[in-house]
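Peer 1: Could you have a look at this structure, given as structure tokens, before my questions?
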Amino acid sequence: MRTGVSVAVMAACLLAFGGAAQAADAPAKAKPAPIPRTSYGKPDLTGVWSNASVTNLTRAPGVTRLAVGKDEAAKLAADSPFQKLALAEEGASNLDDNLLKDGNSDRGYNTFWIDPGKSLANVKGEYRTSWIVEPANGQLPVSDAGRKLMAAARAERQKNLFAGPEYLPLSERCLIGFTGSGGPGMLNTIYNNNYQIVQTPDAIVIDVEMVHDARTVPLFKTKAEALAHHRPAAISPWLGDSVGWWDGDTLVIDTVNVNPEEGRNGPIFLSEKGHVTEKLSRASKDQIFYEFQVDDPVYYTQAWRAEESLNARKEQVYEYACHEGNYAMTGILGGARKQEAMGIKPSMGPGIFGTPIPEKAKGGE
């Protein structure tokens, strides 16, 4: 009996020793570095960040997966419209090449002026083909009613475009950023994809490089207190009425009452019932995980959600001077008056009317 016990104990000791030796030999998993925090204990979001990428809000035609491997990501990036534009316009402008003879104003920039990024976005360690993650097909779930509203707004803009400065597109008037860069739902664009965040215990300011928009979001202790501080619906500022609060280590921003003219122009279309919830959390010292959800029963068949990464930049955000020394508006309207005097209907090409009306989305993974 003694012998049996001794053998059993010895075997157990050997097994334990062997297991300990294997554990010692195995590489230890590196602990994630602690995220930077403020003196008052909240994650520190302060700094300059960028969402530059050739990933767009919606998924490109024929692409069915949200996440792709490295090789496919490189191919999709090379095939993106921004990269094709960059390759086509590489180098200094040749003023004798009749570049704009076809009337396509989108070819007015060479690579000196554009900085969209060169790769698909890396979000949660994956190469993403769209910001939209829900619905799974990566497309805006626009309703039939929403599509009619978009078409009506587009027709109205086209009808009145050259009537005066108040009718030109928002970006031409330097009112808010191009292609939704200011949010709510901050999107990347052809250049100036930088954001400077300044944070205090009571507010957070997001300075958007494109057109120098600044979102000042007051912060409250609880969600209920924050929502109670939304302003009356009659007040509908550019970029909306935003309030915020901390949910653990996640900053939540709730936005309603986006200016109707902004909401009609897209690319994130919003009605007076539109409601956008944004969340920012510090993923690492070099990255913020940014997500937002859009709820609007007027334009969409369902709520939809998008995810991005904001990547740290060492550069500063410089002033964006839009109208200083800009003769574009007088040139546009002067040209329109000249065409009218000649009996020609003024025209500026399709690109001036902003975001295309989304087609009905087909199924996808």
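Read-outs: derived from the displayed coordinates by stated rules, not from any lab. Everything quoted here is computed from the prediction, not taken from an experiment. Please note: Cβ atoms are built from the backbone with ideal geometry, for glycine as well, and neighbour counts cover all protein chains shown.
Peer 1: Kindly identify region 118-189 as rounded, prolate or oblate by the Cα gyration tensor criterion: order the square roots of the eigenvalues as a ≥ b ≥ c, call it rounded if a/c is under 1.5, otherwise compare a/b with b/c, prolate if a/b is larger, else oblate.
Peer 2: Cα axes put region 118-189 in the oblate bin.
Peer 1: So which lysines pass the test for Lys360, namely a Cα distance under 21 Å, with those fewer than 8 places away in the same chain ruled out?
Peer 2: Lys148
Peer 1: Can you tell me how much longer the chain between Arg173 and Asp79 gets when fully stretched, taken as 0.36 nm per residue apart minus their C-alpha distance, in nm with one decimal?
Peer 2: Gain on stretching Arg173 to Asp79: 30.7 nm.
Peer 1: Next question. Lys223: which aspartates and glutamates have alpha carbons under 17 Å from its alpha carbon, excluding same-chain residues fewer than 8 sequence positions away?
Peer 2: Within the straight-line limit of under 17 Å, Lys223 reaches these aspartates and glutamates: Asp202, Asp241, Asp247, Asp249, Asp254, Glu278.
Peer 1: Subtract the Cα-Cα distance of Ala136 and Thr222 from 0.36 nm times their separation in residues, and report this length gain in nm to one decimal.
Peer 2: Contour length minus the Cα-Cα distance gives 27.8 nm.
Peer 1: While we're on this one: Distance between Cα centroids, region 152-205 to region 259-295: provide it in whole Å.
Peer 2: After rounding, the separation between the Cα centres reads 13 Å.
Peer 1: Would you mind computing the Rg to Rh ratio of region 234-307 from its alpha-carbon coordinates, Kirkwood style for Rh?
Peer 2: Checking Rg against Rh, the ratio lands at 1.02.
Peer 1: How long is the gain from Ala33 to Met329 if the chain were fully straight, where each residue apart is worth 0.36 nm and the alpha carbon distance is subtracted?
Peer 2: 101.5 nm
Peer 1: Under a plain spin-label model, where a point goes 7 Å from the Cα along Cα-to-Cβ, how far apart in nm are Asn122 and His229?
Peer 2: The modelled label-to-label distance comes out at 3.7 nm.
Peer 1: Taking a 27 Å limit on the Cα-Cα distance, which of the listed pairs Lys279/Lys314; Lys118/Lys314; Lys42/Lys118 fall beyond it?
Peer 2: Lys42/Lys118
Peer 1: Can you give me the convex hull volume of the Cα atoms of region 181-305, divided per residue and expressed in Å³?
Peer 2: 115 Å³
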